[in-house]
1. When the residues of the stretch B:133-164 are narrowed to those that are open to solvent by less than 20 Å² (accessible area, probe 1.4 Å) and of a type in the set (Val, Ile, Thr), which ends up nearest to A:ALA309 (Cα to Cα)?
2. Listed residues B:GLY255, B:GLY236; which is surrounded by 24 or more Cβ atoms within 10 Å (Cβ to Cβ), at pLDDT below 95 and in contact with a Phe, Trp or Tyr (Cβ under 8 Å, 6 or more places away or on another chain)?
3. Looking at the stretch B:325-334 only, could you name the residues that are touching a helix residue (DSSP H, G or I) at 6+ places or on another chain (Cβ under 7 Å) and in a strand (DSSP E or B)?
4. Which ones in the stretch B:302-317 are among the aliphatic types (A, V, I, L, M) and within 12 Å of another protein chain (Cβ to nearest Cβ)?
5. Within the stretch A:294-303, is there a residue that is in contact with a Ser or Thr (Cβ under 8 Å, 6 or more places away or on another chain) and within 27 Å of B:SER116 (Cβ to Cβ)?
6. Checking A:ALA191 against (1) modelled with pLDDT under 90; (2) part of a helix (DSSP H, G or I); (3) more than 14 Å from every other protein chain (Cβ to nearest Cβ), which single condition isn't satisfied?
7. Answer with yes or no whether B:TRP337 is at pLDDT below 95 and among the aromatic types (Phe, Trp, Tyr).
8. In the set B:VAL138, B:VAL131, B:VAL50, B:VAL104, which member is modelled with pLDDT under 95, within 19 Å of B:ILE154 (Cα to Cα) and of a type outside the set (Ser, Thr, Tyr)?
There are 2 protein chains.
Amino acid sequence: MSGRVLKLAATLMALSSNPAAEALFADSDPAATDVALAIHGGIAAERNEVSQEQARLIRAALEESLRAGRKRLAEENATSLDAVETAIRVLEDSPLFNAGKGAVFTYEGRNELDASIMEGKTKRAGAVAGVTIVKNPVSAARAVMEKSPHVLLIGRGAEVFAAKSGLEIVDPGYFWTLPRWKQIERRWRAAKSSPEKQSAVGPKPPAADGGRRQWGTVGAVSLDGKGNLAAGTSTGGTTAKMFGRVGDSPIIGAGTYADNEGCAVSCTGHGEYFIRFAVAHEINVLIKYKGLKVEDALEQVINRTLKDAGGDGGAIALDARGRYSSANNTDGMYRGWITRDGKVETRLWEN
Amino acid sequence: MSGRVLKLAATLMALSSNPAAEALFADSDPAATDVALAIHGGIAAERNEVSQEQARLIRAALEESLRAGRKRLAEENATSLDAVETAIRVLEDSPLFNAGKGAVFTYEGRNELDASIMEGKTKRAGAVAGVTIVKNPVSAARAVMEKSPHVLLIGRGAEVFAAKSGLEIVDPGYFWTLPRWKQIERRWRAAKSSPEKQSAVGPKPPAADGGRRQWGTVGAVSLDGKGNLAAGTSTGGTTAKMFGRVGDSPIIGAGTYADNEGCAVSCTGHGEYFIRFAVAHEINVLIKYKGLKVEDALEQVINRTLKDAGGDGGAIALDARGRYSSANNTDGMYRGWITRDGKVETRLWEN
C-alpha cells in the first residue's frame, strides 16, 4: 500500500505543473493540448491475459512509434501525413499489433490487410483493402492517394499497383505469427466441435469467440507546424473474418477521416458498426457543425451511439489546435500521444 | 411553336392542381412530397449525344423501375428495402445504365461491379465490391447485410458468398455490351496514340477522356408505410478504371446512406470525391444536425462543396416525411420519382 500512496503523492505533485496528469483520475483521456501525434494499437486484450512483460513491450512499441513519427515531423518540409505514415509503419512492423506483421487470420487461414490515410487540408485520401503481399499497407494507401487517380484499390489490383509504385513486396508467409495462428486454430476447433456456430453462409461474428474482443488495429493522427491534420489506420481485420471481408479501416469516413475544420480521427473496433454509423466522419461533423469539443464528440459517438447499438471499439481524435482525446467503450485501448515538445504518454487499459 | 405554346398552357393548368409542376421552370427538382420511391440512372450523357429514341428508352426504363419498386412496396409486409432492391434490379438488368448488364469496362477490359444497400431504421447495411459474376450486385449487397456478420465483402470472397447465398451467377461475358466495349476501345486507342496520357502507375482519371462524363451509376431511395427509409446504389464504376478500383457506390457514407432521422441518399458521380467528402453521410447530417431541408442539403453538398472541389456528380435524397429532391452539378442526371398514389415523373437533363 505504501507504494500506492507514494505514487499518489507524486501524482498530486505532478498535477500542479501538468494538468494532463488529471487523467490518472479521469474516466477518459485528458483533453491533452499541444499534441503533435497520437496513435492507437487497437482494443486491448483483457488485462489478465497480458503479462507485465507483454505490457512493457506494448508500451515500448507505442513509444517507438510516437518518437519515430515526431522525429519525422521535425524534418524540413515534413507534414502530418509523413508523421502518420511513419508512426503506423512502426506498428505494422511490430508483431504485437493486428496490422502488417502480426495481423490476424481470415477464416481461410490467410492474412488480408486493409489501410487508409487522409490529409485534412486537401481532403485527399488513399486506401487499400484485401492486400496479402504488401509489407506496409499504409504506404500503399499513401501511394494510391498520391500516384493514382483513385482513392480505394482492392485485392490484386491494389497489390499490382503497390508493386509498380516501388513498395516492398513480401511473401504472404511474412505475416504469419504463432500467437495469431493459435487464435485461428482455436476458432477452427470451436467451429468443428459446435457446427451450429457456423451460419449457412459463413462464420459467426468474431464476438462469438468466447467474448474475446480482438479488434486490434493501429492508427495515427497528427498535426504539423503548418496547422494541417492527417489521419491513418491499418489493420488485419478481425480473427476468422470471412474471405474478402473488409472492415472500417480502409473506409474513409468510417475508420479514418481528416478535416482541418473538424479533426483527424482513427478508429478501432467492430468495423461493421463503424461503417454503418460512419463513425470517423460523424465525430468530425459533431465538432465542425455542432461545435462539440474533441472529447465530447468522441464521448457521444463511442460511448453513446455505438455503445447503445452494441458496437465495441474506440477512437483517437486531434483537432487543428492540437487538442487531443480518445474514447473507447471496452476495457481498454492501447494508445499514446506525444506533444510538440516531446512529452510522451501511453495508456493500455485505464480509460 | 404552337406545340410548345400548347404544352406551356397545359403546364400552367397543371400548376393549379400540382405544385410539383413548378419544376418545369425551376433550376432544381421540386421538393416533391409524398414520394414513395425515387431513382437515378447516373449522370446523363451530353444531350446532343443521345437520340430522341434513346431518351425515350431511358425514360421507359426509369418508369419501369419506379413502377416495379412501387408495386413491390404495395405488397403485404414489403419494406422500403424491398422497393430499393427491386427498382435497382430493373436498372441493373437494363443495358442502358452503367450497372449490372451495361457496366463499363476497366482498363483491363473487365466488368467489376460494386453495390450497397442500407435501411434507415436499424442502420443495417451491406455492400459488395469488385464482383464479376453476380448478375444483380444489389441483391448480393442485401445478402451480405442479412446473411453475413459483415457489411462489406470484396472480390472473390463476395462472389463465393453470393453463390452460397443462392443468387444468380453469370458468366463474366453476360455483362459485355457493344457500346461499353467501344468506349474502352476508344480509351485504349487514345492511350496508345498519346502515351503521355498514361501516368507511371496507371491510366489518367476518366475525366481526361475528351471531357466526357461517364459517371453512370444507378440508385434508389424509398420510404415505406411504416415510415422507414432505405437507400441503395449499384455501378460498374468508371470507364477504364484501374484493376481493383472501388468508387463510392459500395461505400456506406459515401455513395449510399439511410437514416430515419435524416434521409436516404444515393449518389452518382466522380466517386473519389464522394468518398473524400463522405457525401451521402454529409447530406444526412446537414438535415439531421443543421436542420436543413432535403433540397438545401443537396444544394450545399453537390452544388457548393463538391463543385468547388471539382467533383462532378449528383444525388437523390428522400426524408422520412416523403420529401424528395435531387441535385447535380453536371449537364444532367437520369432520374425519376413516384408518389404514394402512383404519380410518376422522370427527368433526364433539365435540372
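1. Only one residue fits best here, namely B:VAL151.
2. Numbers: B:GLY255 fails: at pLDDT below 95.
Result: B:GLY236 is the single residue among B:GLY255, B:GLY236 that is surrounded by 24 or more Cβ atoms within 10 Å (Cβ to Cβ), at pLDDT below 95 and in contact with a Phe, Trp or Tyr (Cβ under 8 Å, 6 or more places away or on another chain).
3. Passing the criteria: B:SER325, B:SER326, B:ALA327, B:ASN328, B:TYR334.
4. B:LEU306, B:ALA309
5. The answer is yes, given that some residue of the stretch A:294-303 is in contact with a Ser or Thr (Cβ under 8 Å, 6 or more places away or on another chain) and within 27 Å of B:SER116 (Cβ to Cβ).
6. The single condition A:ALA191 does not satisfy is (3).
7. no
8. B:VAL104
The values are calculated or read from the model by the stated rules, or taken from the named source; none is laboratory data. As the structure is a computational prediction, the values presented were derived from the model and not from experiment. Note that each Cβ is placed from the backbone with ideal geometry, even for glycine, and that neighbours are counted across all protein chains shown. Only protein heavy atoms, including side chains, enter the accessible area calculation; ligands, DNA and RNA are left aside. Shrake-Rupley method; radii C 1.70, N 1.55, O 1.52, S 1.80 Å.
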